[in-house]
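Report on the structure given below.
The values are calculated or read from the model by the stated rules, or taken from the named source; none is laboratory data. What you see is a predicted model; the values in this text were computed from it and never measured. With ideal geometry, Cβ positions are generated from the backbone for all residues, glycine too; neighbour counts draw on all protein chains shown. We work out accessible area using only protein heavy atoms, side chains counted, and drop any ligands, DNA or RNA first. Shrake-Rupley method; radii C 1.70, N 1.55, O 1.52, S 1.80 Å.
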Amino acid sequence: MPGPNHAPKGGYQKPKNMGKTIGRLLGYLTRSKLPLLAVLGCLVISVCTNLGGSYMMRGIINDFIWSGCTDVAGLAKSIAMLVGVYLIGCLATYGQSATMVRLAQRGVNRLRKDLFDKLQDLPLSYFDQHPHGELMSRFTNDADNVQLALEQSVVSLCSSCLMFVGLVCLMLFINWKLFIVTALLLVLTIQLFKKLGGRSRKFYRQQQAALGDVNGNIQEMIEGLKVVKAFTHEKKAKEEFKKLNDNLYHAAWKSQFISSTMQPLMNFVSNLGYVGICVLGGFLTLNGSITVGDIQAFTQYVRQFTQPINQIANISNV
């Protein structure tokens, strides 16, 4: 796609090797091994406490509430243990977030330095063919997007995968019949994700390209303002900027609109699955095939089941 000066816009091309590109980005994180291991450790603790807390609620309901047990001391001890588990998870999440922010900032700092060093090695013809505003956009908008991806998306992706595997194992352990309903929910969610995610990625790429065009045009107009006025080029300059600005507007609202519809649709599908679990679970409880504590834990897991999928969908947009 040519830029304002009919130069090829290599920065917006799809990577020839996505795996190597992602590996280069992750390389800016993996240079600090010890903090990264601390993040992974906190991540595992956070996921385990999240899943374990819901499972502990199952035992509290079956052993104390549903059974009519009057052991108040035992109930208080179980609740205290549950609170302790959630506090440990909260501390692990805080440690993970704080460490990851520092790692991402350091990584993007090195990325900007490498990018600046690369510019020093490029020939002058490169700068003649590429608008300065577009190059500046690499250091600002694009670098900020990379920082956001390193800071949030990497951790969210790992957390979502661990959470998903743990939820599947626990739900199969509690009751495989109820898991069938959840599996149908998963198939429907994946289809929605594929359809909407593909369209949103298309418009996000268009948005970044249009943003580079706008930045380049503004920079050129400001630097060449004397020439524009000398040749009475104001009207044509306004028309050109309006066209570029409109392109950015259309790409931006389409990408944001499609992205914003994903979460409500995912929630709607999740609620459908929640209703199905409650209906089937009620019949199984009447037949004595499952306990009330099992239903409570399973419904909590169903609520959590779509969260990893939603997070992965949001990560794909980023």
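Once the Cβ-Cβ distance of residue 90 and residue 132 is raised to the sixth power relative to R0 = 41 Å, the FRET efficiency obtained is 0.30. The charge dipole of the range 26-167, taken about its Cα centre with unit charges on the Cβ atoms of Lys, Arg (+1), Asp and Glu (-1) only, comes to about 380 debye. Per the 1.4 Å probe, what fraction of the accessible area of the chain, in percent, lies on carbon and sulfur atoms? With neighbouring chains kept in place, the figure for the chain is 66 percent. Both radii are taken from the alpha-carbon atoms of the range 87-136; with Rh as the Kirkwood radius, Rg/Rh is 1.35. Could you sort out which of 118/243; 16/254; 20/118; 113/202; 20/195; 20/113 sit more than 22 Å apart by Cα distance in this structure? The answer is 118/243; 16/254; 113/202; 20/195. The equivalent ellipsoid that matches the C-alpha gyration tensor of the range 68-178 spans semi-axes of 51, 17, 9 angstrom, in descending order. What aspartates and glutamates could a cross-link reach from residue 238, if we take a straight Cα to Cα line under 17 Å and drop same-chain neighbours fewer than 8 places away? Partners within reach: 213, 220, 223, 246. Placing R0 at 22 angstrom, the Cβ-Cβ distance between residue 239 and residue 141 gives a FRET efficiency of 0.35 after rounding to 0.05.
Secondary-structure-derived ellipticity at 222 nm for the chain, considering helices only, amounts to -29000 deg cm²/dmol, per-run term -39500 (n - 2.57) for DSSP H runs with n ≥ 4. Ligands, DNA and RNA excluded, the heavy atoms of residue 285 present near 40 Å² of accessible surface to a 1.4 Å solvent probe. Our summary gives the chain a relative contact order of 26 percent, counting only alpha carbon pairs under 8 angstrom and 6 or more residues apart. Extension gain for the segment residue 218 to residue 55, taken as residue separation times 0.36 nm less the Cα-Cα distance, is 53.0 nm to one decimal.
Its residue count N sets the reference 2.2 N^0.38 Å, and the alpha-carbon radius of gyration of the range 129-235 equals 1.83 times that reference. Length, then width, then depth: along the principal axes, the Cα atoms of the range 200-268 run 59, 16, 14 Å.
Excluding ligands, DNA and RNA, what is the solvent-accessible area per residue of the range 89-128 at a probe of 1.4 Å, expressed in Å²?
In whole numbers, the range 89-128 has 67 Å² accessible per residue.
In the chain, taking the dipole from charged Cβ atoms about the Cα centre, the farthest positive-side position among 66, 184, 81 is held by 184. Spacing of the modelled spin labels on residue 73 and residue 272, each 7 Å from Cα toward Cβ, amounts to 5.2 nm.
A viscosity of 1.002 mPa s and a temperature of 20 °C, combined with the Kirkwood radius over Cα pairs in Stokes-Einstein, give a translational diffusion coefficient for the chain of 91 µm²/s. Taking a point 7 Å from the Cα of residue 157 along the Cα-to-Cβ direction, the residues of the range 16-47 with backbone N closer than 16 Å to it are 16-31, 40.
Residues in the range 235-250 carry Karplus couplings, in order, of 5, 5, 5, 5, 5, 5, 5, 4, 5, 5, 5, 5, 4, 5, 4, 5 Hz; the curve used is 6.51 cos²θ - 1.76 cosθ + 1.60 with θ = phi - 60°, and Gly or Pro positions show x.
Sorting 240, 223 by solvent-accessible area of protein heavy atoms yields 223, 240, largest first, with a 1.4 Å probe.
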